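Inspection log for the structure reproduced underneath, given as structure tokens.
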Amino acid sequence: MRYIYFIFLSSILSAGGGILDVDWSSVAPKSTQQKPSTPYPKVLTEGTKDVHLPVYLSKQYVYDKNMSVVADENFYTISIDLDAAVVTFSGDRTYQESVSPNNPEFQKIAKATPPVEYNSAEGIMSAMFNRHGVNYSINIECENPKRDNRCQKVDFISSLYHSLIMVGGRP
């Protein structure tokens, strides 16, 4: 099989083929953030314009004009009122300890850390993860956490985590 692949590859290269040279500067956008087809609400764009880290929000709440945004250069919190609950999306880079990647303790922790950690405490369901050197969290606080499945089961908050998109800030 390798021999056939080698013959195929060499016939392409000898037939005037080669490596395709693409000038990506004329094709690729200048920004890594995809622009939405419909502008985001002013509360979101104005609230996150000075944030110096990527801002993530679940795509199902991006156009909620009643969201509340509190932000600074190194953190943001976006709160959205739901029926009998509040969901918040946060990012925080206000404190990061510098550790060498060669540190054995760091390597042990890094191997054991899952991409996202879900937990429930004091009636609040949370998802915590790290991207771009930033600590992010999604929290849902229910009016009646003992009866509301959004605060009892991981399904709802997991769906929020899996539907995150970058909506602002600077990577």
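Of the numbered conditions (1) of a type outside the set (A, V, I, L, M); (2) part of a strand (DSSP E or B); (3) closer than 25 Å to residue 39 by Cβ, residue 137 fails exactly one; give the number of that condition.
(3)
Determine whether residue 62 is over 18 Å from the mean Cα position of the chain (by Cα) and aliphatic (A, V, I, L, M). Before the answer, list the steps.
Numbers: over 18 Å from the mean Cα position of the chain (by Cα): no; aliphatic (A, V, I, L, M): yes.
No.
If I filter the range 86-107 for residues that are surrounded by fewer than 12 Cβ atoms within 10 Å (Cβ to Cβ) and of a type in the set (Lys, Arg), do I get at least one hit?
No: zero hits.
Would you pick out the residues in the range 125-149 that are farther than 19 Å from residue 78 by Cα and in contact with a helix residue (DSSP H, G or I) (Cβ under 6 Å, 6 or more places away or on another chain)?
Result: 145, single match.
Go through 150, 170 for me and flag whichever is among the basic types (Lys, Arg), in a helix (DSSP H, G or I) and surrounded by 12 or more Cβ atoms within 10 Å (Cβ to Cβ).
Numbers: 170 fails: in a helix (DSSP H, G or I).
None of the others qualify; the one that does is 150.
Among the residues of the range 89-118, which ones are under 19 Å from the mean Cα position of the chain (by Cα) and either part of a strand (DSSP E or B) or at pLDDT 75 or above (or both)?
Correct list: 89, 90, 91, 92, 93, 114, 115, 116, 117, 118.
Note down all Cβ pairs under 7 Å where the first residue falls in the range 117-145 and is over 26 Å from residue 170 (Cβ atoms), the second is surrounded by 19 or more Cβ atoms within 10 Å (Cβ to Cβ) and among the basic types (Lys, Arg), and they're at least six residues apart or on different chains.
125/150; 140/150; 142/150
For the range 63-91, enumerate the residues that are farther than 24 Å from residue 147 by Cα and in contact with a strand residue (DSSP E or B) (Cβ under 6 Å, 6 or more places away or on another chain).
Our first condition is that a residue be farther than 24 Å from residue 147 by Cα; within the range 63-91, this holds for 63-78, 90-91.
Matches in the range 63-91: 64, 67, 68, 69, 70, 75, 76, 77, 78, 90, 91.
The values are calculated or read from the model by the stated rules, or taken from the named source; none is laboratory data. These numbers were taken from a predicted model, which means no experiment stands behind them. Cβ sites come from the backbone with ideal geometry, for glycine too, and all protein chains shown count toward neighbours.
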